[in-house]
């Protein structure tokens, strides 16, 4: 598949998010998707907009795996991992990216990184090319904007 047909994939928790955090986290993922569109010219694939466990509950686990596996392996130029909860299943998407030669950027709150609450296994995956730590949403957006510009100039996105 031609790189022009690929886009960034936003990877992050959905199913295990505490109910009081779900809407703000989904808005954050969508904001990242929009940012990718601004910088790369193509809006990112944001999974909850297609397979939200509440709004799209009719999809079976096999349906979601098949669709998202195809998205990551065949239609993705870069995976952005947003780490919010201790165990959320995103490791499988990172491994799919690795097996498909898709680079990964991990976004994590500085305090969680310093307290070693972000898995070394995840961060050590060979696909991970960058870990962006941040204190505020504004900070991560600015840092990510700079990273995306670098990758766009290198024709990765």
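The values are calculated or read from the model by the stated rules, or taken from the named source; none is laboratory data. Since we're looking at a predicted model, the values are computed, not measured. For neighbour counting, all protein chains shown are included, and Cβ atoms are generated from backbone atoms with ideal geometry for every residue, glycine included.
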note = Expected single match for touching a strand residue (DSSP E or B) at 6+ places or on another chain (Cβ under 6 Å), in a loop (DSSP other than H, G, I, E, B) and touching a residue at least 24 places away in the same chain (Cβ under 8 Å) among 94, 102, 81, 106 is 102
Test: residue in region 45-53 that is touching a helix residue (DSSP H, G or I) at 6+ places or on another chain (Cβ under 9 Å), more than 24 Å from residue 137 (Cα to Cα), in contact (Cβ under 8 Å) with a residue 24 or more places away in the chain and part of a loop (DSSP other than H, G, I, E, B) = yes
query = Looking at region 24-37, is at least one residue in contact (Cβ under 8 Å) with a residue 60 or more places away in the chain, surrounded by fewer than 20 Cβ atoms within 10 Å (Cβ to Cβ) and either out of contact with any strand residue (DSSP E or B) (no Cβ under 8 Å at 6 or more places or on another chain) or more than 20 Å from residue 133 (Cα to Cα) (or both)?
reply = yes
ask   = What are the residues in region 1-14 that are within 13 Å of residue 83 (Cα to Cα) and at pLDDT below 95, if any?
value = 11, 12, 13, 14
message = Can you say whether residue 114 is under 15 Å from residue 10 (Cβ atoms), out of contact with any helix residue (DSSP H, G or I) (no Cβ under 6 Å at 6 or more places or on another chain) and surrounded by fewer than 20 Cβ atoms within 10 Å (Cβ to Cβ), as far as the supplied structure shows?
response = no
key: Breaking point among (1) assigned to a loop (DSSP other than H, G, I, E, B); (2) at pLDDT 90 or above, for residue 36   = (1)
query = Going by the conditions given, is residue 131 buried (at least 16 other Cβ atoms within 10 Å of the Cβ) and either free of Cβ contacts under 8 Å to residues at least 12 places away in the same chain or touching a strand residue (DSSP E or B) at 6+ places or on another chain (Cβ under 7 Å) (or both)?
reply = yes
query = Within region 115-124, restricting attention to residues that are outside any loop (DSSP other than H, G, I, E, B) and in contact with a strand residue (DSSP E or B) (Cβ under 8 Å, 6 or more places away or on another chain), which residue is farthest from residue 140 (Cα to Cα)?
reply = 122
inquiry  = Quick check on this structure: which one of 133, 119 is modelled with pLDDT under 90 and either within 24 Å of residue 5 (Cβ to Cβ) or touching a helix residue (DSSP H, G or I) at 6+ places or on another chain (Cβ under 8 Å) (or both)?
reply    = 119
task = Would you check if residue 62 is farther than 18 Å from residue 28 by Cα, modelled with pLDDT of 95 or more and touching a helix residue (DSSP H, G or I) at 6+ places or on another chain (Cβ under 9 Å)?
result = no
